[in-house]
Ligand SMILES: [Zn+2]
């Protein structure tokens with residue numbers, strides 16, 4: 001079985017590659033077409049809040065930072081051989097109330113509050129846009145974020161895709177672990193109570209060194225997001241390798257862990273990868 005249509009949905013311009021780059025590389029090496037759709041890839045449509053200005057200064061990017069980040073994303077995704085699709089929703093730091101002009105997320109606390117009550121239309125708008133831009137019924141497997149870490153844009157991305165799929169179609173959904181948030185996630189207590197993985201089963205995909213190196217190389221294409229550029233808010237890309245090793249533990253080697261409510265979805269993925277059940 002060789003499905004030719006696998007989609008990874010990325011909230012921001014980096015999440016899918018830094019979280020799943022090893023598997024993406026492995027799929028592409030098998031000749032499978034992979035599309036990466038980034039939902040919050042749009043430019044800001046107005047002035048910047050002081051918080052957004054500070055973030056962009058950290059990233060060392062000009063006013064249209066999302067434009068520069070789209071270029072980084074194209075470089076990252078083409079380095080690994082996938083196809084990039086950018087939707088035009090601005091990420092949380094740029095969104096404002098259309099009536100009052102007030103910015104909706106003006107601090108890290110706001111972004112990770114898990115609340116999007118001030119923008120009741122965004123989820124229906126996302127569902128409509130995703131349905132319009134993507135033939136969402138086509139992919140055999142669709143990868144979406146677990147939304148570990150609670151970033152509002154990650155939560156919205158998961159909710160939008162879960163809402164689009166009918167219950168019988170949910171077997172096509174596989175969840176990925178949001179990097180770098182996952183670095184802290186499994187160290188917390190009360191594992192079984194974690195709502196993001198409640199009711200899901202996991203599958204570890206082993207990576208070759210070439211898969212891992214491709215993920216690391218592609219992740220470094222997001223220069224503005226690296227710790228070399230953004231000292232305070234940069235991504236700990238040097239932790240990709242230790243985390244990929246920790247997934248397999250004492251067995252040795254490197255892996256990425258995925259989650260699904262439907263074991264049959266993992267069977268499809270295993271068949272695609274040519275690994276036993
Ligand atoms: Zn993100």
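Bear in mind these aren't lab numbers, they're just calculated from the coordinates by the rules spelled out. Computed from a prediction, not measured in an experiment: that's the story for all the values here. Backbone-built Cβ (ideal geometry, glycine too); neighbour counts: all protein chains shown.
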So for the pair residue 128, residue 29, with labels modelled 7 Å out along Cα→Cβ, what separation do we get in nm?
4.4 nm
Top mean-square fluctuation among 178, 15, 238, Gaussian network model of the chain, C-alpha springs under 10 Å?
238
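I'm a student and want to see the number: the projected area of the Cα convex hull of region 69-150, averaged over all directions, in nm². It would help to have the intermediate numbers written out before the result.
Details: hull surface 28.5 nm².
Averaged projected hull area, Cα only: 7.1 nm².
May I ask what percent, to the nearest 5, of DSSP beta bridges between residues of the chain are antiparallel? Working shown, then result.
Working: 11 of 29 bridges.
Bridges in the chain that DSSP calls antiparallel: roughly 40 percent.
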For the residue pair residue 138 and residue 113, what label-to-label distance in nm results when each label sits 7 Å from Cα along the Cα-to-beta-carbon direction?
3.9 nm
Rounded to the nearest 10 degrees, what's the angle between the helix 65-80 long axis and the longest principal axis of the chain, both from Cα atoms, 0 to 90?
10 degrees
Expected 222 nm ellipticity per residue - DSSP helices of 4 or more, -39500 (n - 2.57), all of the chain, to 500
-11500 deg cm²/dmol
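Using r as the Cβ-Cβ distance of residue 184 and residue 97, and R0 as 22 Å, what FRET efficiency do you calculate, to the nearest 0.05?
Given R0 = 22 Å and the Cβ-Cβ separation, E is 0.10.
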What does the convex hull of the Cα atoms of the chain come to per residue, in Å³, rounded to a whole number?
128 Å³
Tell me, what does the Kirkwood hydrodynamic radius of region 98-206 come to in angstroms if you use every pair of distinct C-alpha atoms?
15.7 Å
Relative to the chain, whose Cα atoms define the longest principal axis, helix 152-164 and its Cα axis are tilted in degrees, nearest 10, by 60 degrees
Degrees, to the nearest 10: 209-220 long Cα axis against longest axis of the chain:
10 degrees
Which residue, 134, 85, 17, has the most motion in a Gaussian network model of the chain that connects Cα atoms within less than 10 Å?
134
Under the 0.36 nm per residue contour assumption, what length would be gained going from the current alpha-carbon distance of residue 45 and residue 163 to full extension?
39.8 nm
GNM, the chain, Cα, under 10 Å: largest mean-square fluctuation among 214, 260, 202?
202
Give me the percent relative contact order of region 136-277, please, defined on Cα pairs under 8 angstrom at least 6 residues apart.
28 percent
